[in-house]
Amino acid sequence: MNSFEKIGLIVLFFISLIYSYVKPTAIVENIQTKQNIVIYVEGEFEKKLSFKTKPTINDVLTKLQTDNHYQFNENYQLTNESKLYLPHGQNLISLNHASLDDLMKLKGIGEKTAIKIDEYRQKTPFQTIEDLMNIQGIGEKTYLRLREYLCL
């Protein structure tokens, strides 16, 4: 192999290397911009909503034409395939403001779990009711059983 062939191979290698880094990025950006973001709303409203961009809770409430009487952080951004539970009813227990005694009124929540909820909300206030599953000892079954009695 002569020196011209070696130089040609090196140049081709660098061109293919640069092309491999540039081309897929452009394709991924195209795919992401054409995709709709889907949010599943449960509870008071049973709806599947579609958005062109990442929606906030305010965007969802606006599309549902309802006020934020759930005390959600309206700027909280939802991701694709998120489930947002909007409770219905009165005398809901606030995850961010309820006393330990109020939390213990919920079936299956004892003193230890109530304390864990209190410690969690002091570090990071609940943004959605689904955040309750971030508490150790509260899984999906417990969350599904309790969510109709909770608000933020």
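The values are calculated or read from the model by the stated rules, or taken from the named source; none is laboratory data. Since the model is a prediction, treat every value here as computed from it, not as a measurement. Because the Cβ atoms are built from the backbone with ideal geometry, glycine has one as well, and the counts that use them run over all protein chains shown.
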Which of (1) within 28 Å of residue 121 (Cα to Cα); (2) modelled with pLDDT of 90 or more; (3) not in a helix (DSSP H, G or I) is the odd one out, the single condition residue 74 does not satisfy? (2)
For residue 143, all conditions in the list (1) part of a loop (DSSP other than H, G, I, E, B); (2) within 23 Å of residue 45 (Cα to Cα); (3) not β-branched (Val, Ile, Thr) hold save one; what is the number of the exception? (1)
Condition first: hydroxyl-bearing (Ser, Thr, Tyr) and in contact with a Lys or Arg (Cβ under 8 Å, 6 or more places away or on another chain). Can you find one or more residues in the range 110-131 that meet it? no
For the range 106-147, how many residues are surrounded by fewer than 15 Cβ atoms within 10 Å (Cβ to Cβ), in contact with a Phe, Trp or Tyr (Cβ under 9 Å, 6 or more places away or on another chain) and charged (D, E, K, R)? 1
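Condition check ((1) modelled with pLDDT under 80; (2) of a type in the set (Val, Ile, Thr); (3) touching a Gly at 6+ places or on another chain (Cβ under 8 Å)) across all residues:
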{"residue": "7", "(1), (2), (3)": "no, yes, no"}
{"residue": "30", "(1), (2), (3)": "yes, no, no"}
{"residue": "38", "(1), (2), (3)": "no, yes, no"}
{"residue": "43", "(1), (2), (3)": "no, no, no"}
{"residue": "47", "(1), (2), (3)": "no, no, no"}
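Table: residues versus (1) part of a loop (DSSP other than H, G, I, E, B); (2) assigned by TED's automatic domain parsing to the domain that holds residue 129.
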position: 58; (1), (2): no, no
position: 62; (1), (2): no, no
position: 68; (1), (2): yes, no
position: 97; (1), (2): yes, yes
Among 76, 85, which is the only one that is closer than 15 Å to residue 149 by Cβ and in contact (Cβ under 8 Å) with a residue 40 or more places away in the chain? 85
For the range 91-105, which positions are buried (at least 18 other Cβ atoms within 10 Å of the Cβ), over 16 Å from residue 42 (Cβ atoms) and touching a residue at least 40 places away in the same chain (Cβ under 8 Å)? 95
